[in-house]
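Data first, discussion second: the structure below is written as structure tokens.
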Amino acid sequence: AQKVTQAQTEISVVEKEDVTLDCVYETRDTTYYLFWYKQPPSGELVFLIRRNSFDEQNEISGRYSWNFQKSTSSFNFTITASQVVDSAVYFCALSDFNTDKLIFGTGTRLQVFP
Amino acid sequence: GAVVSQHPSWVICKSGTSVKIECRSLDFQATTMFWYRQFPKQSLMLMATSNEGSKATYEQGVEKDKFLINHASLTLSTLTVTSAHPEDSSFYICSAGLAGGDEQFFGPGTRLTVL
């Protein structure tokens with residue numbers, strides 16, 4: 001069965017700290033996609049990244065970076081120099097290759113204090 | 001980029017009434033639309049997958065007679081919560097995907113409160 005685990009329920013940091021959000025997934029598919037979404041208090045999901053299972057290169061986008069490791073089935077997300085505006089719930093998700101269904105993790109609530 | 005809208009953004013209704021939520025893909029044709037439900041402080045749970053012109057596929061535990069889904073065109077899917085009860089109060093989110101695509105584009109969500 002497919003599953004996404006985000007073990008960290010809540011994380012609190014002070015502005016300018018670096019923070020890493022963990023994501024571990026389970027799938028029997030050899031081809032799949034992994035996603036990260038941000039959900040601010042407004043509720044609208046904000047797409048952050050999509051990574052396919054054949055591309056293990058780490059990615060950096062501004063203060064955001066992602067570390068994809070198939071050996072440990074992890075797709076961790078790091079925010080460098082966090083800001084108050086980063087406060088939100090972050091979801092990691094896995095797509096089913098055959099059905100395009102998204103399986104979401106339980107989310108990590110990040111609070112960044114000034 | 002691909003834009004998905006939902007209407008209404010929020011709705012309050014009395015117990016026993018039916019509520020219809022619309023999901024539209026504004027600048028692309030979506031062969032598949034997904035409906036999710038999110039309870040407070042919880043994750044998104046897929047309710048059903050909707051393909052244009054065919055019956056929706058419901059996830060286990062989702063009552064198809066209570067949550068009616070219609071996907072009449074490539075740009076519109078509707079979710080009707082029939083005989084709503086307070087336990088149906090939730091945040092309903094739709095997403096739309098392209099044919100053979102792997103990315104879903106999410107709507108802004110509809111917050112339903114049943115009194």
- Note on the structure: Out of A:L45, A:L94, A:L21, a Gaussian network model of chain A with alpha-carbon springs under 10 Å gives the largest mean-square fluctuation to A:L45
- Item | Distance in nm between pseudo-label sites at A:Q69 and B:K64 (7 Å out along the Cβ direction from Cα) | 4.4 nm
- If you find the alpha carbon centre of the range B:1-64 and of the range A:51-114, how far apart are they in angstrom? 24 Å
- Query: Largest first, how would A:D22, B:D88 line up by accessible area (1.4 Å probe)?
  - Reply: A:D22, B:D88
- Task: Count the DSSP beta bridges whose two residues both fall in chain B, then state the antiparallel fraction as a percent rounded to the nearest 5.
- Result: 90 percent
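Probe radius 1.4 Å, ligands and nucleic acids ignored: give me the carbon and sulfur share of the accessible area of chain B as a rounded percent.
53 percent
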- Query: A:I60: accessible area at probe 1.4 Å, nearest 10 Å²?
  - Reply: 130 Å²
- Message: How many Å² of accessible surface get buried when B and A come together, counting both sides, probe radius 1.4 Å, rounded to the nearest 100?
- Response: 1600 Å²
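Could you state the accessible area per residue of the range A:11-88 in Å², with a 1.4 Å probe and every protein chain left in place?
For the range A:11-88, the per-residue accessible area is 52 Å².
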- Query: HN-Hα J couplings of the range B:34-49 from phi, Karplus 6.51/-1.76/1.60, θ = phi - 60°, integer Hz, Gly and Pro as x?
  - Reply: 10, 10, 10, 10, 9, 7, x, 6, 10, 7, 7, 10, 5, 9, 7, 10
- Note on the structure: The FRET efficiency for B:T80 and A:N98, from their Cβ-Cβ distance with R0 = 35 Å and rounded to 0.05, is 0.80
- Message: Compute for the protein assembly as shown: radius of gyration divided by Kirkwood radius, i.e. Rg/Rh, restricted to C-alpha atoms, rounded to two decimals.
- Response: 0.98
- Task: Using a 1.4 Å probe over the heavy atoms of the protein chains, calculate the carbon and sulfur portion of the accessible area of chain A as a whole percent.
- Result: 48 percent
- Note on the structure: With the 1.4 Å probe rolled over protein heavy atoms, the range B:1-113 has an accessible area per residue in Å² of 48 Å²
- Message: Just want the answer: with Cβ charges of +1 for Lys and Arg and -1 for Asp and Glu, which residue in B:W35, B:T110, B:T75 is farthest toward the dipole's positive end in chain B?
- Response: B:T110
- Query: Just how many pairs of Lys in the range B:1-77 have C-alpha atoms closer than 15 Å, counting pairs that are eight or more places apart or on different chains?
  - Reply: 4
- Query: Can you run phi through the Karplus equation (6.51, -1.76, 1.60; θ = phi - 60°) for the range A:21-29 and list ³J(HN,Hα) in whole Hz, with x for Gly and Pro?
  - Reply: 9, 8, 8, 10, 10, 10, 7, 9, 5
- Query: What average number of partner chain Cβ atoms lie no more than 10 Å from the Cβ of the residues making up A:99-107?
  - Reply: 6
- Hey, got the dipole for the range A:1-76? About the Cα centre, +1 on K and R Cβ, -1 on D and E Cβ, debye to the nearest 20? 200 debye
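The values are calculated or read from the model by the stated rules, or taken from the named source; none is laboratory data. For clarity, every value in this text was computed on a predicted model and none was experimentally measured. Counting neighbours? That spans all protein chains shown, and the Cβs are built from the backbone with ideal geometry, glycine included. Surface accessibility is based on the protein's heavy atoms, side chains included, excluding ligands, DNA and RNA. Shrake-Rupley method; radii C 1.70, N 1.55, O 1.52, S 1.80 Å.
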